[in-house]
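Take a look at the structure below.
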Amino acid sequence: MLGLLSAAIMACSPPDGTTALLERPERVIMIGELHGTEEAPRAVGEIACAAAEQGPVVVALELEDTLQPTLDAFLSQPDEASAFATLSGSSLLNRARQDGRTSKALLALLQKARMLKASGRDISLHLFQPSMTRGQELDQAWYELNMGQLLSEARQNRPDARVIGLAGNIHGRKTPLARYPDIGIPATGHLPTRETLSLRVAQQGGFAWNCGRDACGVNSSIASDDDQVRGVILTPVEDGAYDGLLALGPSTASPPISGEN
């Protein structure tokens, strides 16, 4: 049974259009998501799996950079139990605000990467949420700048690898968002344009585990994109803020790894 599970994890089932995506010259592929869905982390894992068949891959994640040693240890473990044990006491499992980034789907993505590495693929993780705090008098733009710098290190530290990144959809934009002037240039916009391709996960209805105005939990997701399309669609959207869409259908909420609110 374990052998069958390992084979299933190592088999790649990327979204339609991934072949064309990986034929593009850009070495950084950023995917902007609505946090807390089953579909987005799964798709990133499958795209990374397909990319790892071609060469080295770095999976870049919007998690605190202080977690890097913990997830490096996770990636090197020989089995699921010992891998999960490395997370004990970490902020991945213990956090006051469950905003959807540390979901069970994210854990499945980490497990996918671990199994791919165990199978001999050259795959690593890179975390780019800044642990540095910004003063209250500083705009969000400074945070985006710091995030962009950390994200750039994924490419600079492994120039031979393709970077597959997952972040909130605002961080994944290339251009400023007019209604949020304090954000300035989002994190992805600080990367070299010629080397960076950004996709937004299409919002096609469904549900996500994220934080609303009142509390964090399961919330409905608006259907602002065509709910019939699927796969990677390489056509610029939002006036070039993204180079395309990743359409995965109506989303399913993925609860926190810890199972707590």
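The values are calculated or read from the model by the stated rules, or taken from the named source; none is laboratory data. All figures in this text were calculated on a predicted structure; none of them were measured in a lab. Here the Cβ is made from the backbone with ideal geometry for all residues, glycine too, and neighbour counts use every protein chain on show.
The table below lists the values:
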{"quantity": "Among the candidates R155, R173, residue that is under 25 Å from P14 (Cα atoms), part of a helix (DSSP H, G or I) and under 18 Å from the mean Cα position of the chain (by Cα)", "calculated": "R155"}
{"quantity": "Filter pass, Q77 being modelled with pLDDT of 95 or more, among the polar types (S, T, N, Q) and under 18 Å from the mean Cα position of the chain (by Cα)", "calculated": "no"}
{"quantity": "Cβ pairs under 7 Å, 6+ apart, first in region 232-261 and within 26 Å of E26 (Cα to Cα) and among the charged types (D, E, K, R), second modelled with pLDDT of 95 or more and buried (at least 19 other Cβ atoms within 10 Å of the Cβ)", "calculated": "D243/L197; D243/S198; D243/L199"}
{"quantity": "Test: residue in region 172-183 that is surrounded by 13 or more Cβ atoms within 10 Å (Cβ to Cβ), modelled with pLDDT of 95 or more, of a type in the set (S, T, Y) and in contact with a Lys or Arg (Cβ under 6 Å, 6 or more places away or on another chain)", "calculated": "no"}
{"quantity": "All positions within region 196-252 that are basic (K, R) and in a loop (DSSP other than H, G, I, E, B)", "calculated": "R213, R230"}
{"quantity": "Options V44, V59; residue that is in contact with a His (Cβ under 8 Å, 6 or more places away or on another chain), closer than 24 Å to A253 by Cα and surrounded by 15 or more Cβ atoms within 10 Å (Cβ to Cβ)", "calculated": "V59"}
{"quantity": "Set G165, G172, G184: member being touching a Ser or Thr at 6+ places or on another chain (Cβ under 6 Å), within 26 Å of A202 (Cβ to Cβ) and not aliphatic (A, V, I, L, M)", "calculated": "G172"}
{"quantity": "Subset of region 120-143 (residues that are part of a helix (DSSP H, G or I) and either within 16 Å of the chain's Cα centre (by Cα) or small (G, A, S) (or both))", "calculated": "A141"}
{"quantity": "Region 62-83 - residue that is surrounded by 13 or more Cβ atoms within 10 Å (Cβ to Cβ) and charged (D, E, K, R) and, of those, farthest from H171 (Cα to Cα)", "calculated": "E80"}
{"quantity": "Residue pairs meeting the criteria (Cβ under 6 Å; at least 6 apart or on separate chains; first surrounded by 24 or more Cβ atoms within 10 Å (Cβ to Cβ), in region 20-36; second in a strand (DSSP E or B) and among the basic types (K, R))", "calculated": "G32/R200"}
{"quantity": "Hey, R97 touching a residue at least 60 places away in the same chain (Cβ under 8 Å), part of a helix (DSSP H, G or I) and either in contact with a Phe, Trp or Tyr (Cβ under 8 Å, 6 or more places away or on another chain) or not hydrophobic (A, V, I, L, M, F, W, C) (or both) or not", "calculated": "no"}
